[in-house]
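What follows is a set of notes on a single structure, which appears directly below.
The values are calculated or read from the model by the stated rules, or taken from the named source; none is laboratory data. None of the values given here were measured: they were computed from a predicted structure. Cβ placement follows ideal geometry from the backbone for every residue including glycine, while neighbour counts extend to all protein chains displayed.
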Amino acid sequence: MHSNQSGPPVQASRERVIKAVAKSSTRESSAVGTGADATVTAVNGVDAQSPQLDDTTPVIGLIDLDQVSDAYERLRTAFSGGTDVLHAVACKAVPLLPLLRYYAEAGAGCEVASPGELDLALTAGFAPERIVFDSPAKTLSELKRAVTLGVSMNIDNYEELDRLDAILDGRTTSARVGIRINPQSGTGTIGALSTATQTSKFGIGLADAGAREALIDAYLARPWLNQIHVHSGSQGISLDQAAAGIEIVVELAQEINRRAAQTHGRDRQVTRIDIGGGLPVNFAGEEITPTFADYRAVLAAQVPGLFDFDIITEFGRALLAKAGTILTHVEYAKTTGGRRIAMTHAGVQVATRTAYAPADWPLRILPFDPDGNPKSAEEVPTDVAGPACFAGDLLARDRVLPRLDAGDIVAVPDTGAYYFSNPFSYNLLPRVPVYGYRANQGAVEYALIRRGQSREEILAEAGEPEIAPYRLVQNEGDS
Ligand SMILES: *Cc1c(COP(=O)(O)O)cnc(C)c1O
C-alpha cells in the first residue's frame, strides 16, 4: 500500500514543540509549598496558556492543529466527487469541545453514542441533521429526544425499532433513520475491537437464519427507514475486510430498493449508507498508512455500488491519532533486576488501552534530554512506567531505548485519539491539560484545548461529604 504524507511534517513540528516546552519547563514548580492561593492557579496548568512540565503539571497532551486540519482535508478530498457525503467525526475518539467546534465549522457531522456526547455535539454547533446517534442501548427518553431534535439515528435491534414505532405512532419522521447491520464478515487481530464477528453485540446479524427476510420486511413496513449502517472496520481490520462488510450491506440496500419498488411502487427507499469509521492507524512509525485515499480506492474497486448512495463516514482514530503526543518527564530512573526503569507521570490515566492491553496497543516512545533534544545514550532494555499503583502501569515494557535518566523528557506520539482525551481516574490521577499547537513554520503557537483537572475538581468528584443519614461506625458509648 503506497501512501504519501502530503501535509505538514508532523515529526518536525513535534520536535519543535517539545523543544519549546522543554525551554519553559522546570523540574520544580514555584507553586509547591507556597500555600493554597498560589497552588490553585498553577495546579495542572489551570491558568497557563502555554504549556510547561513541572511538579504540578508533570504530563500534558499536545495536539498538532495543522495535522488535524490536514487529515480532515485529506478525508474530504478522498471522498469528494459523486454523491453527497457526510463525514460524521466519531465523538468518542476525541470528546474535546474546541476540536469538535472546529469540525462543525469545517462542515463535518458528528457521530455520538450517549446523552453526554449528544449534548457535546449540540454545544459544539453541529446542526441536528448532521449528528448521527449510534448507541446500542438507547433509552426510551433518549430516543424521544433524538426524534424531537431530528438527529439521524441508527437502530441497533428489533426491540429498539418497536420503541421507535411507538414513539412515532404512525407518523413519519424527518430524521434519517437506519438499522445497524452486522455483516458477520469476520474477526480482526484485536478481538475487543472486532464489530463484525458472528456474535458481535452490535446491530442485527444478517447471516443468521431468516435474518435477511426479516430485515427486508422491516424496511418495507416502514417507508421512513431510508438509511443502513455498518461499522465493520477498526484497528486490526484490513481494508479488504472492512470493504467486504460494506459490500454485504450495499447488496442488502439494493435488494430492499428493488423490493420496495416492486411491491410498494417506492422510488429508492434506502438513499444513504453509513459505512462507519475504523480506518486503522500506523502506530509503528511516522508514515500515515493506510490513507483515506487508499480506503476510497479499495471501496471503489470492491463496492462500486456504494457510490450510487449518499454516504456517511464515522472516522475517529484515523483523523486524530497522528496529531497527538503525550509529553512527560522522567521523575526517577533506576535499574531493577537488570532492567532500566524510567518512572514517568504518563500511565494508565492517559494511555488506558496500552496499560491494560499492551500487546494490542503498542505505542512508540521518543526520548529527549531535559533541553528537548533527541536523547542519545547507550541503548538499554527499558520499562517506561506510569505513576499508578499497579505493576502493569507501563507505557512500554522491555523496550530498547537510549538510557533514560531523571529529568529527561518522554514523548508518546500517535495519541491524539482515545488516549489523553479519554482519561481514566484511577488513583485519582488528574485529567491532564491538553494544548493545541502550530509549529509548522518558525514560532510555536499554542491554544488551550482542555484545562487540567484541579485538586478541587478531583475532590468534587469523590462523592458526598459523608454517609448520611446512616452511620456505619457506631461511636463508642452508643449501645
Ligand atoms: C468507535 C466508532 C467509530 C469510530 O471508529 P474509529 O476506529 O475511531 O474510526 C465509528 N462508528 C461507530 C459506530 C463506532 O462505535
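Please return the ranges of strands (runs of 3 or more DSSP E) entirely within the range 268-359 where 1 or more residues are charged (D, E, K, R), more than 16 Å from the ligand (Cβ to nearest atom) and assigned by TED's automatic domain parsing to the domain that holds VAL59.
Working: elements: 272-274, 310-313, 324-329, 332-336, 339-343.
Where strands (runs of 3 or more DSSP E) fall fully within the range 268-359 and carry at least 1 residues being charged (D, E, K, R), more than 16 Å from the ligand (Cβ to nearest atom) and assigned by TED's automatic domain parsing to the domain that holds VAL59, they are 332-336, 339-343.
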Residue count for the range 376-386, restricted to those that are part of a loop (DSSP other than H, G, I, E, B) and crowded, with 19+ Cβ neighbours inside 10 Å: 1
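Give the number of residues within the range 395-437 that are of a type in the set (Lys, Arg) and not in a loop (DSSP other than H, G, I, E, B). Full working, then the answer.
Just the residues of the range 395-437 that are of a type in the set (Lys, Arg), to begin with: 397, 399, 403, 431.
Cutting the leftovers down to not in a loop (DSSP other than H, G, I, E, B) gives us 397, 399.
So the answer is 2.
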Given the conditions (1) within 16 Å of the ligand (Cβ to nearest atom); (2) out of contact with any helix residue (DSSP H, G or I) (no Cβ under 9 Å at 6 or more places or on another chain), which single one is not true for ALA417? (2)
